[in-house]
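Reading through the structure tokens given below for one structure.
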Amino acid sequence: QVQVVESGGGRAQAGGSLRLSCAVSGLTFNRYGVAWFRQGPGKERELVTAISWSGGNKYYAEFVQGRFTISRDNSKNTAYLQMDYLEPEDTAVYYCVADRILDFTIPTLQAMNAYWGQGTQVTVSS
């Protein structure tokens, strides 16, 4: 059974940092791309960042460029999201998704939905 488990969420002050983890089991992790989505209260889910199975390709939404960093450690079947310079607008539930992708275009990344985690809450106060 495939399991995707996020952790590391919590509360931070504006300008602070959090590091999210996404632990994946039940699949060949290094054959799957990983993405982070988020959904704030009353808002639609949006793509935040993604990383290819090789780790060589990364995508960042404009609203997190220069502040967030995605990475992965295939030996640990884990992806990470380092969140720096947090803003109150970053408050949301953050979800990790793993999916086999054939390219690294935005439409493909937006459609990633094979295996989802339960989400982890990030709250940023001003």
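The values are calculated or read from the model by the stated rules, or taken from the named source; none is laboratory data. These figures come from a predicted structure and were not determined experimentally. For neighbour counting, all protein chains shown are included, and Cβ atoms are generated from backbone atoms with ideal geometry for every residue, glycine included. Note: areas computed on protein heavy atoms with side chains; ligands, DNA, RNA excluded. Shrake-Rupley method; radii C 1.70, N 1.55, O 1.52, S 1.80 Å.
Could you check Ser125 against (1) surrounded by fewer than 14 Cβ atoms within 10 Å (Cβ to Cβ); (2) modelled with pLDDT under 95; (3) under 20 Å from Arg19 (Cα atoms) and say which number it fails? The failed condition is (2). Taking the conditions (1) farther than 17 Å from Arg38 by Cβ; (2) open to solvent by 30 Å² or more (accessible area, probe 1.4 Å); (3) free of Cβ contacts under 8 Å to residues at least 60 places away in the same chain in turn, Arg100 satisfies each one other than (3).
Here's the yes/no breakdown for (1) modelled with pLDDT under 95; (2) crowded, with 21+ Cβ neighbours inside 10 Å; (3) within 25 Å of Ser125 (Cα to Cα):
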residue: Gln1; (1), (2), (3): yes, no, no
residue: Glu44; (1), (2), (3): no, no, yes
residue: Gly66; (1), (2), (3): no, no, yes
residue: Thr69; (1), (2), (3): no, no, yes
residue: Ala79; (1), (2), (3): no, yes, no
residue: Ala92; (1), (2), (3): no, yes, yes
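Would you be able to tell me the number of residues in the stretch 49-64 that are open to solvent by less than 50 Å² (accessible area, probe 1.4 Å) and closer than 20 Å to Ser125 by Cα? Here the count works out to 1.
The single condition from (1) open to solvent by less than 10 Å² (accessible area, probe 1.4 Å); (2) part of a helix (DSSP H, G or I); (3) β-branched (Val, Ile, Thr) that Thr108 fails is (1).
Please verify whether Asn113 is farther than 16 Å from Ser7 by Cβ, open to solvent by 50 Å² or more (accessible area, probe 1.4 Å), touching a Phe, Trp or Tyr at 6+ places or on another chain (Cβ under 7 Å) and not in a strand (DSSP E or B), treating the condition exactly as stated. No. Do we find a residue being of a type in the set (Asp, Glu) and free of Cβ contacts under 8 Å to residues at least 24 places away in the same chain anywhere in the stretch 44-59? Yes, some residue in the stretch 44-59 is of a type in the set (Asp, Glu) and free of Cβ contacts under 8 Å to residues at least 24 places away in the same chain. For the stretch 11-32, check the following and say yes or no: at least one residue is in a strand (DSSP E or B) and closer than 20 Å to Thr105 by Cβ. No, the conditions are met nowhere in the stretch 11-32. Look at the stretch 4-31: where a residue is under 19 Å from Ser52 (Cβ atoms) and open to solvent by 60 Å² or more (accessible area, probe 1.4 Å) and a partner is in a loop (DSSP other than H, G, I, E, B) and among the basic types (Lys, Arg), sitting 6+ places away or on another chain with Cβ atoms under 8 Å, you get Arg31/Arg100. Residues of the stretch 29-45 that are of a type in the set (Gly, Ala, Ser) and touching a Phe, Trp or Tyr at 6+ places or on another chain (Cβ under 7 Å): Gly33 alone.
For the stretch 3-42, give me each residue that is under 20 Å from Glu87 (Cα atoms) and at pLDDT below 95. Before you say what the answer is, go through the steps one by one.
Going residue by residue through the stretch 3-42, those that are under 20 Å from Glu87 (Cα atoms) are 7-21, 36-42.
Those that are under 20 Å from Glu87 (Cα atoms) and at pLDDT below 95: Pro41, Gly42.
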